[in-house]
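S.K.: One structure follows; several queries about it will come next.
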Amino acid sequence: MCGIVGYAGTAGSVETGLPSRAVRVVLEGLRRLEYRGYDSAGLAVLAGKRVHVRKKAGRLANLSALVETEPLPAAAVGIGHTRWATHGAPTDANAHPHLADDDRLAVIHNGIIENYAPLRNRLAMGGHEFLSETDSEVAAALLADNYRSLVGNRTGGDTLAAAMRRTCAELEGSFTILAVHADHPGLIVAARRDSPLVVGLGDGENFLGSDVSGFVDFTRRAVELGQDQVVSLTADDVTITDFRGVPVAGRDFAVDWEAAAATKDGHASFMAKEIHEQPEAVRRTLGGRLGADGAVSLGDLGVTDEVLAGIRKIVIVACGTASYAGQIAKYAIERWCRIPVEVDLAHEFRYRSPLVDGRTLVVAISQSGETMDTLMAVRYAREQGAPVLAICNTVGATIPRESDGVLYTHAGPEVAVASTKAFLTQVTAGLLLALHLAQLRGTGDPTEISAAARELAGMPAKIQTVLAGEARIEALAASMTDATAVLFIGRHVGHPVAMEGALKLKELAYIHAEGFASGELKHGPIALIEAGQAVIVIVPSLTGSPVLHAKMMSTIQEIKARGGRVIALADEGDAATGGWADTVLTIPASAPLLAPLLTAVPLQLFAAALAGAKGLDIDQPRNLAKSVTVE
Ligand code: F6R
């Protein structure tokens, strides 16, 4: 979490009354990176042999307003930070940058410094007066200490980089750190361990960003920094070393980014836009992978067919929404491929001594490809000798880079914090993987499998039909702004969909919501049902799963008998559900394993509409960040 930007170029002037290019580039980069955290924002520029800082709690807009009322001098170098709070509340004092070395050094940090407490004690005893509660200020103070002791021994341009290397050797945890010092006008020194940082190469100017969106408006040429590397950046030079000071070459790449991804394209929010992009996003995931005859071809996956043919177990690791996509894949893989599948929350996986070996395929699902919990699970699995396949949206992100193979979802950039098109495309990729494994290993009922493959190709059109029902869902949401709790229940693949629906409502509308398997209702949660309690029921298909459908009809009656209000998602033509539920939202009929591609959509629309009706920020809900890069 946290977004980081750096700029080294030329100062220009501020005579026009406009901020200098450094300030504009940093603020624009922060705007693009605000999805990574929005508890506070700050920037520092180097000008007139001094460090100038502006920082403010709250959204980036607060910082922009501050920069307008307290303009910064023309500067050639700037660094900026948008924070997702870990250590210390979201206050002005805890906002980055943090200063040290008599306010001549400014530091911004993303990650968590795990040994900050002993370091803080040591530095406080040495005379450093801490002004914030953050672990990040400890990095600033330590860097200042190391810088001072090196300056005593030597001169030369690389003192700040040498101090950074020494500092990194003492830090435990994950970090991206950027530093500027008044002694070194024109220079930014940055380091990374287990936390992202990329360099953007311009003409007479260079950039740093947590990801390419930090500088995509200014250059499309980028260099990827590896693990445990330090970069020194000026307007016309980029020097990279490892933590011992040995020069290393970065990997150049061209930034492939749709400019349109930065606009809402006429929608009220990025989330609304991304919900409506889902038919196209799913089409892209399927693109070229599904033949007209239903044959699935996943191209060069990076994990060979020979390995896939020999696996005995699959473990899916993921977090949040991505883990629900994994649970849907489990149903498909177990039915069609007859391979046992476990789904682990990535942060639980490596701490439970899981049984994985060379014949266990570990599938890591991640939209961002940077989720630290999932990355750590990937590393653990590979250490155990398991082949790892990533299902990822972000091309070139750390998780696919560190996996043996990758199945990209090609959903396109997802800007809203709450996942929507990423989820549907992860489900699609999971279904493709299941179909591929079944066809490769000759398992499952061939008629069912080829019918499912052919039907999958038609799902984008059915998703479009569900989207056409948006107005009804908006009206339903508008009638529920006073709800304090909403329950979601489902069976089979409807269970993970119920959990996803509840997660969307919690994170967007701040309403307590719980999603569970409807069979569990009578084992405890039914105690929650009282007059008027809203229960959203994902009804299994009447034709595809008649047995489960019948059981769900009983569950609906049990809820109604206790005064609950049933809002059902059911297949078109399901008259039985219509006879019992208070409200029925219909979806086109589909094979049961494909149904989540449809049932998830009204739940996304419902959560977004309810949050909108309550006047909440749909794209940036409180306390959250898009990319969770701390464990
Ligand atoms: C919820 C949401 C999160 C993410 C989770 C994993 O709407 O977006 O639950 O799904 O943080 O993120 P990725 O997929 O980037 O690993």
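The values are calculated or read from the model by the stated rules, or taken from the named source; none is laboratory data. Just so we're clear, the structure is a prediction, and the values are computed from it rather than from any experiment. Please note: Cβ atoms are built from the backbone with ideal geometry, for glycine as well, and neighbour counts cover all protein chains shown. What goes into the accessible areas is simple: the full protein's heavy atoms, side chains included, and nothing from ligands, DNA or RNA. Shrake-Rupley method; radii C 1.70, N 1.55, O 1.52, S 1.80 Å.
S.K.: Please state which one of Ala93, Ala57 is without any contact (Cβ under 8 Å) to a residue 60 or more places away in the chain, assigned by TED's automatic domain parsing to the domain that holds Leu233 and over 27 Å from Ala416 (Cα atoms).
M.R.: Ala93 is the lone residue from the list that is without any contact (Cβ under 8 Å) to a residue 60 or more places away in the chain, assigned by TED's automatic domain parsing to the domain that holds Leu233 and over 27 Å from Ala416 (Cα atoms).
S.K.: Keeping to segment 602-613, report how many residues are over 20 Å from the mean Cα position of the chain (by Cα) and either surrounded by fewer than 20 Cβ atoms within 10 Å (Cβ to Cβ) or near the ligand (Cβ under 10 Å from one of its atoms) (or both).
M.R.: 1
S.K.: Restricting to segment 331-346, and then to whatever is open to solvent by less than 70 Å² (accessible area, probe 1.4 Å) and within 22 Å of the chain's Cα centre (by Cα), can you tell me which residue is nearest to Gly494 (Cα to Cα)?
M.R.: Taking the candidates together, the pick is Val343.
S.K.: Which condition breaks for Glu274 when tested against (1) surrounded by fewer than 16 Cβ atoms within 10 Å (Cβ to Cβ); (2) of a type in the set (D, E, K, R); (3) not assigned by TED's automatic domain parsing to the domain that holds Asn206?
M.R.: If we test Glu274 against (1) surrounded by fewer than 16 Cβ atoms within 10 Å (Cβ to Cβ); (2) of a type in the set (D, E, K, R); (3) not assigned by TED's automatic domain parsing to the domain that holds Asn206, just (1) comes out false.
S.K.: Consider Ala182 against the criteria (1) open to solvent by less than 20 Å² (accessible area, probe 1.4 Å); (2) more than 23 Å from Ala22 (Cα to Cα): it satisfies all of them except one. Which criterion is unmet?
M.R.: Among (1) open to solvent by less than 20 Å² (accessible area, probe 1.4 Å); (2) more than 23 Å from Ala22 (Cα to Cα), Ala182 violates only (2).
S.K.: Does any residue of segment 124-141 turn out to be β-branched (Val, Ile, Thr), touching a Phe, Trp or Tyr at 6+ places or on another chain (Cβ under 6 Å) and either buried (at least 16 other Cβ atoms within 10 Å of the Cβ) or in a loop (DSSP other than H, G, I, E, B) (or both)?
M.R.: Yes, that holds for at least one residue.
S.K.: Looking only at segment 234-252, how many residues end up being open to solvent by 40 Å² or more (accessible area, probe 1.4 Å), without any contact (Cβ under 8 Å) to a residue 60 or more places away in the chain and part of a loop (DSSP other than H, G, I, E, B)?
M.R.: Number satisfying all stated conditions: 5.
S.K.: In addition: Residues in segment 614-630: is at least one more than 16 Å from the ligand (Cβ to nearest atom), touching a residue at least 40 places away in the same chain (Cβ under 8 Å) and not in a loop (DSSP other than H, G, I, E, B)?
M.R.: No, that holds for no residue.
S.K.: Report the residue count in segment 514-541 for those that are open to solvent by 50 Å² or more (accessible area, probe 1.4 Å) and either under 31 Å from the mean Cα position of the chain (by Cα) or hydroxyl-bearing (Ser, Thr, Tyr) (or both).
M.R.: 2
S.K.: For segment 319-362, which residues satisfy the criterion of being within 13 Å of the ligand (Cβ to nearest atom) and under 21 Å from Thr443 (Cα atoms)?
M.R.: Matches in segment 319-362: Gly326, Gln327.
S.K.: Taking the options Val231, Val223, Val199, Val216, name whichever one is assigned to a loop (DSSP other than H, G, I, E, B) and farther than 30 Å from Leu505 by Cα.
M.R.: Matching residue, one of Val231, Val223, Val199, Val216: Val216.
S.K.: Among residues belonging to segment 413-438 that are open to solvent by less than 10 Å² (accessible area, probe 1.4 Å) and among the hydroxyl-bearing types (Ser, Thr, Tyr), point out the one that is nearest to the ligand (Cβ to nearest atom).
M.R.: Thr420
S.K.: Could you go through segment 78-86 and let me know if any residue there is surrounded by 17 or more Cβ atoms within 10 Å (Cβ to Cβ), out of contact with any Cys (no Cβ under 7 Å at 6 or more places or on another chain), among the aliphatic types (A, V, I, L, M) and part of a strand (DSSP E or B).
M.R.: yes
To keep it simple, each residue is scored yes or no on (1) small (Gly, Ala, Ser); (2) closer than 22 Å to Ala47 by Cβ; (3) at pLDDT 95 or above.
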residue: Ser149; (1), (2), (3): yes, no, no
residue: Ala169; (1), (2), (3): yes, no, yes
residue: Ala179; (1), (2), (3): yes, yes, yes
residue: Ala190; (1), (2), (3): yes, yes, yes
residue: Val198; (1), (2), (3): no, no, no
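S.K.: Looking only at residues in segment 378-400 that are open to solvent by 40 Å² or more (accessible area, probe 1.4 Å) and in contact (Cβ under 8 Å) with a residue 24 or more places away in the chain, which one is nearest to the ligand (Cβ to nearest atom)?
M.R.: Across segment 378-400, the extreme among qualifying residues is Thr394.
S.K.: Here's something else I'd like to know. Can we say Thr465 is within 16 Å of the ligand (Cβ to nearest atom), assigned to a helix (DSSP H, G or I) and either within 16 Å of Ala600 (Cβ to Cβ) or touching a Leu at 6+ places or on another chain (Cβ under 8 Å) (or both)?
M.R.: Criteria not met by Thr465.
S.K.: Next up: Can Leu569 be described as within 26 Å of the chain's Cα centre (by Cα) and either open to solvent by less than 60 Å² (accessible area, probe 1.4 Å) or within 22 Å of Leu598 (Cα to Cα) (or both)?
M.R.: no
S.K.: Going through segment 290-318 one residue at a time, which ones are touching a Gly at 6+ places or on another chain (Cβ under 6 Å) and away from the ligand (no atom under 16 Å from the Cβ)?
M.R.: Leu301, Gly302, Val303
S.K.: Okay, next question. Would you point out which residue out of Ala517, Ala483, Ala498, Ala478 is of a type in the set (A, V, I, L, M) and without any contact (Cβ under 8 Å) to a residue 40 or more places away in the chain?
M.R.: Ala517
S.K.: When you go through Thr577, Thr586 one by one, which is the residue that is open to solvent by 50 Å² or more (accessible area, probe 1.4 Å), more than 16 Å from the ligand (Cβ to nearest atom) and outside the structural domain of Gly173 (by TED's automatic domain parsing)?
M.R.: Residue meeting the stated conditions: Thr586.
S.K.: List the number of the failed condition for Ser403; all other conditions in (1) open to solvent by less than 10 Å² (accessible area, probe 1.4 Å); (2) of a type in the set (Ser, Thr, Tyr); (3) within 15 Å of the ligand (Cβ to nearest atom) hold.
M.R.: For Ser403, the exception is condition (1).
S.K.: Report, by residue number, each residue of segment 587-610 that is farther than 22 Å from Ala325 by Cα and out of contact with any Ser or Thr (no Cβ under 9 Å at 6 or more places or on another chain).
M.R.: Ala609 - this is the single residue of segment 587-610 that is farther than 22 Å from Ala325 by Cα and out of contact with any Ser or Thr (no Cβ under 9 Å at 6 or more places or on another chain).
S.K.: For segment 274-289, how many residues meet the condition of being within 19 Å of Ala609 (Cβ to Cβ) and in contact with a Gly (Cβ under 8 Å, 6 or more places away or on another chain)?
M.R.: 1
S.K.: Mind listing just one residue for me: the one in segment 501-513 that is in contact (Cβ under 8 Å) with a residue 24 or more places away in the chain and open to solvent by less than 20 Å² (accessible area, probe 1.4 Å) and, of those, nearest to the ligand (Cβ to nearest atom)?
M.R.: Per the stated criteria, the residue is Lys504.
S.K.: Going through segment 562-596 one residue at a time, which ones are under 19 Å from Val535 (Cα atoms) and of a type in the set (Asp, Glu)?
M.R.: Passing the criteria: Asp571, Asp574, Asp582.
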